[in-house]
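J.: The structure's right below; bear with me while I get my questions together.
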Amino acid sequence: MSDDFAHRLPLNQIRDGERIDLSADEGERGRIAERLGLPALDCMNAHAALDVKGEIVRVRGRLKASLSQSCVVTGDPVEAHIDEPFDIYFLPEPTQSTPDEEVELAESDCDVVFHDGATIDLGEAIADTLALSLDPYPRSAGAEATLKEAGVLTEEQAGPFAALAKLKRSDSDQP
């Protein structure tokens, strides 16, 4: 975990039902952009409501961000807007673990962040949520033309049905 967008909240000071608004400043946005390989992160805000039950904190809210990603084909900037709901559980760090033990996660386990028993870092959990919300293969408007020019086939042209259609055409051309 890094301190790109650290907003540590002491567990003993979190009130059930508390609402928090977070906004990344210019320095925080720059560090997050660098960590995620983004050319720009112009805006990042989150609104959250906290529910507390003992050492378990559930945070539900919405993340909004304006950013640029690099096109996977051309490297050109691709503007993106993120508007994602999130639901994160902060749980105490498990005490028993066997190093070679295989752990299987259920879908409900995927938004769990462990804490040290003293604080939760809401900012970093939100920065991680942003990372998971990014398009893994952003493409600019010129990407298709660049791929065609380089001779890269589309999925339709390279797929098994395209090969069958080509065989069918070649069979119909024969006398």
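J.: Name the long-range amide H neighbours of ILE120: under 5 Å, sequence gap of 5 or more, or other chain; modelled H, no Pro or chain starts.
T.: LEU9, LEU11
J.: When ranked by the protection proxy of mean other Cβ atoms within 10 Å per residue, highest first, what sequence do the peptides 15-25, 78-88 form? It would help to have the intermediate numbers written out before the result.
T.: Numbers: 15-25: 12.7, 78-88: 14.4.
Descending mean neighbour count gives 78-88, 15-25.
J.: Quick one: Karplus J couplings for the stretch 20-32, per residue in order, coefficients 6.51, -1.76, 1.60, θ = phi - 60°, nearest Hz, x for Gly and Pro?
T.: 9, 10, 10, 9, 6, 7, 4, x, 5, 4, x, 5, 5
J.: Grab every C-alpha pair in the stretch 8-141, bin the distances at 5 angstrom width from 0 up to the longest one, and report whole percents.
T.: 2, 9, 18, 18, 16, 14, 11, 7, 3, 1, 0
Each reported figure results from applying straightforward, stated rules to the coordinates on display, with no laboratory input. This one's a predicted model, so the numbers in the text were calculated from it and none came from an experiment. Note that each Cβ is placed from the backbone with ideal geometry, even for glycine, and that neighbours are counted across all protein chains shown.
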